[in-house]
Structures are given as structure tokens and as C-alpha cells.
Amino acid sequence: MRNKLSILTAALLACTASQISAAGNRQAERDLFAKIVEIPTVEGRTAEFGKLTTLLTAEFRKVGITNVVVKDHDGTQTLIARWPAAKPSGRKPILLMAHMDVVAAKESDWKYPPFKFREEGGWYLGRGANDNKAGLAGILIALQYLKAGGFQPTRDLIVLFTGDEETMGNGARRAATEWRALIDAEYGLNSDAGGGAVYKDGRPELFAMQIAEKTYADFKLTAVNRGGHSSAPRPDNAIYALSNALTALEAYRFPPMINDATRASIAMLAEKDGGQYGELLKRYLADPTDRETADLVEANDPGSTRTRCVATMLSGGHAPNALPQKAEANVNCRIFPGVKVDDVRQQLQALAGADVTVALVEGSQTPETAPTPIRQDVLDAYKAAVATRFPGAPVVPFQSAGATDGAFLRANGIPVYGFSGQWGIVGEPEGAHGLDERVYADGFHDQIPIWMDMLKRLAG
Ligand SMILES: [Zn+2]
């Protein structure tokens, strides 16, 4: 998934689009990006992953990055490339992350074929153009330029391109464990989270650094009943029991919580908003445990102040003229870092009552992870790299409402920072996971010199 700082991207001014020329060759960058987008690396299309890793391996080799390992696993592939330190400093490697897989796209629903790259009105269109092939291409091209330009890293740079971030996350899970020797690093920089939002007049709103992710988990709520003839209703009824459980869930709010990531993004918003909402946010920051204030913040910005669970699927009964023997609902939870998944299950069970059982859907859960502590050197390098293009642009830590590959690494002791120099336009949709996905062309090209600057600072 690719997750922008939604709370901070309220639509604003509309002026002229900025004209930016990135370092390097814009046409060549675009052509390589087009090739990458046009390979439909959707779950299950195993051969397409082979095509993409073949292309990427050749591109790395072109500039002399020859240590490239492609893992075949779980019906997909993961690519791991290593650029060894030219002047080793003894510091551990830095891991550069992106994912190769894209969410499926139903061609008939799109304005244009999703796997035909096109440029329109300053945007590059195609499935995966935003999530996350722009980031993938950005890392590849930045490393190509750095290598060809004679950059001598003082620590190894390792690339991790997974092939199932949108589905199973096995690439990141295996990388963090069984392939650990290949990817072990001081920290990861994940292009799948973070990045900038820029107003149409060219002023930067902010660049985000993801340091935390909520845990994803699905729960099944099940009511069973002996059933019977619908001409003889009884008080016990599986559908009513389940309905009551869902009504209790609808009304329930988990206790509000705050961490470094949510505090930083809410503080930034509070500072920018001189009105009532800014006042509300300041009140919340002064006492984040105050439920009433947190509820008001939550109404505006769902998920920012706590764990949220919501009913997403429903089924029940077996005939129109029979008492239901079974009713089931799926409840999807986005769990605040630091909260145990089983504690959430117990809370749901308490709400659901004795007639409904609540069970974790096996395999649905992403790892429970604490926020990554902010590293000043990474934050400073990010600010400085972004400032080469947008002087003074704020860089704000934030928490993703969803999960990325970063969770698997964090859970296994590798800090991960969502980092990207890529930017979009405030208020303009980008269609990640949805229709007519696109990336702002200038924002795409700008990430390349920003990546290069960042790596020079951290690995030079
Ligand atoms: Zn993604």
C-alpha cells in the first residue's frame, strides 16, 4: 500500500504548475519507468514477475551492480541487490525498499488500459505508477546515476524489491528472517510510505517520514443457532444475536492513544490551522487521554487517535422460511501500535456477548510493531535532501493507517523509515489501489536527485 498523510492534504490553492527539470535524462527515466509499469505484476501472474526481475537485474548490471539475487517463492519473486561499500567505514548497510507487485485492475472500469503506460496533463498513468513502481524506479535510477557518476559508498547499499507486499507479505517476512544475512541493515528506507505534498503553485506543504504502522487484523464474528421453522420464531436467533453484537461495536470507541508519529503530524496540523480545528487539536495534544476531545478529532480524521474496528462483510441464514442456523460478519481492525491483537479480540468478544464468538481470521494479521524511534541523522538527511528542491519544506513523522513491508522488518529488529522524495499535488487524487492510478510526472522525476542526495549524506 502507499499511504500519504491524508490528514494534511486538504485541497488548497490552484495556480500554475511548477516546471522542474530533474538531474539526468528525463526521457530515459520516463522510458524505463514505462517499461516497468507495463509489466502486469499482479498476484498469481508469476511469469510477469520473472520479466520484471530480468529487466531490473539487467538494469543493475548495466552500471556494475552485479550482486543481484532473485528468490522464487510463494508464487512470486523477490529481488535483492547489493552495492558493496567502495570505502568501507564499518557501518552496517542501508536497505532501500520498494515492492514490485501491484493491486489487480479491472480494465473495463478504467478510462484507459491499466497496463498501457501513458502521459496526460503532466501525469504518468498506469496501474502501479504510484503504488509503488514510481518508488521502485526512483531507487533503481538513483543508484544507476550514483554508480555511473563514480559515487563511492562507505557502507553497503542493499535493495529489497518484494513481490507480494499487497497480498501475503511473504517477501518481507522471509527477508527479515530466513534471508536475513542478505538484507541485514542498520535501517531501511521504504519508498512505499512517505513522500511529499506540494501545492499547485509549487509551495511544499510537507514531506512525510513514516515511522509507525497500525497492525491489520480481521476478526470473524459468528452466531450459531439450532434454527427451526420461521413460522415459530423464538427469542434466540442467530441474526439478531449478530446484529446486537454489531450494534454494540458501532457505538464502541477504543481508548485514545498517542505516540511520537501521531503527535508530530497532529502538532503540525494544529500549527497550520489558526481556526477552531487548530484549537481542538491543541486541546487534544494537551490531554490526549480526554475521550471527548479525541472523539472530535477522530470524527475529522478517522483512525488517528486509536484502534478502529469496523464491520466489512456479512452473511447469514440459509432459506427465506427458516430460522437462521448461522450468521457471520467480518470485522476489520486497524490496531494502534503497542496494542496486542488478542487484547482487541477480547474487547470485541466482550462487546459481542455470549451468543457470538469472535475469532481472529487466520493469516490476516500483520506484525505488531512499536513505532521506529526517530533517528536524527536520517531526519536531518531527509530534510536536507528535500531542501535541495524545496528549501525549508517541513519533514513530518507520521503513522500509516495501513501496513507495509516495513512492519515485517520492524517486527524483526530493523528500524524502517518511510522515505521518498516523490511528491504529488495537494488535493489531487492518485488512484493507488483504485481507478486510473497516476503519479505526478515532476514529482516522479524529482525523487531521483533527492534519493541521490540522501544516499550521499547517509552513505558518503
Ligand atoms: Zn504499496
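FYI, it's all coordinate maths here, none of it is from the lab. Treat the numbers as computed from the prediction; the structure is a model and nothing was measured. Please note: Cβ atoms are built from the backbone with ideal geometry, for glycine as well, and neighbour counts cover all protein chains shown.
Taking R0 as 51 Å, what FRET efficiency do you get between Asp342 and Ala322 from their Cβ-Cβ distance, rounded to the nearest 0.05?
FRET efficiency, Asp342 to Ala322: 0.90.
First select every other residue whose beta carbon is under 13 angstrom from the beta carbon of Gly392; then total the charges, Lys and Arg +1, Asp and Glu -1. Display every interim value, and only then the final one.
Values: positive: Arg203, Lys383, Arg389; negative: Glu205.
Once positives and negatives cancel, what remains is +2.
Over the chain, what is the mean sequence separation of C-alpha contacts under 8 Å (at least six apart), divided by residue count, expressed as relative contact order in percent?
26 percent
Count charges around Thr76 for me, please; just the other residues with Cβ under 14 Å from its Cβ, Lys/Arg as +1, Asp/Glu as -1.
Charge balance near Thr76 sits at -4.
Under 14 Å Cα to Cα from Lys383, which aspartates and glutamates show up? Leave out anything in the same chain fewer than 8 places away.
Correct list for Lys383: Glu205, Asp453.
To test your reading of the geometry: what angle, between 0 and 90 degrees and rounded to tens, separates the Cα axis of helix 441-459 from the longest principal axis of the chain?
70 degrees
At Lys87 and Met313, where each label point lies 7 Å from the Cα along Cα→Cβ, what is the point-to-point distance in nanometres?
That separation, rounded to one decimal, is 5.6 nm.
Rounded to the nearest 500, what is the 222 nm mean residue ellipticity of the chain from helices alone, with -39500 (n - 2.57) per DSSP H run of 4+ residues and division by all residues?
Only helices count here, giving -10500 deg cm²/dmol.
Against the longest principal axis of the chain, how steep is helix 260-272, in degrees 0 to 90 to the nearest 10, with axes from Cα atoms?
Computed tilt is about 80 degrees.
Let me have the relative contact order for segment 262-383, percent, based on Cα pairs under 8 Å that are six or more residues apart.
It comes to 14 percent, rounded to a whole number.
Among Trp179, Ile448, Val63, whose Cα sits farthest toward the positive end of the charge dipole of the chain (+1 at Cβ of Lys/Arg, -1 at Cβ of Asp/Glu, about the Cα centre)?
Positive-most Cα among the choices belongs to Val63.
Where Lys and Arg each count +1 and Asp and Glu each count -1, what net charge lies around Asp156 among other residues with Cβ under 14 Å from its Cβ?
Cβ neighbours under 14 Å give a net charge of +4.
For the chain, find the longest principal axis of its Cα atoms and tell me its angle to the long axis of helix 376-387, 0 to 90°, nearest 10.
Approximately 70 degrees, to the nearest 10.
Calculate the FRET efficiency for Asp380 and Arg26 from the Cβ-Cβ distance with a Förster distance of 30 Å, rounded to the nearest 0.05.
E between Asp380 and Arg26, to the nearest 0.05, is 0.55.
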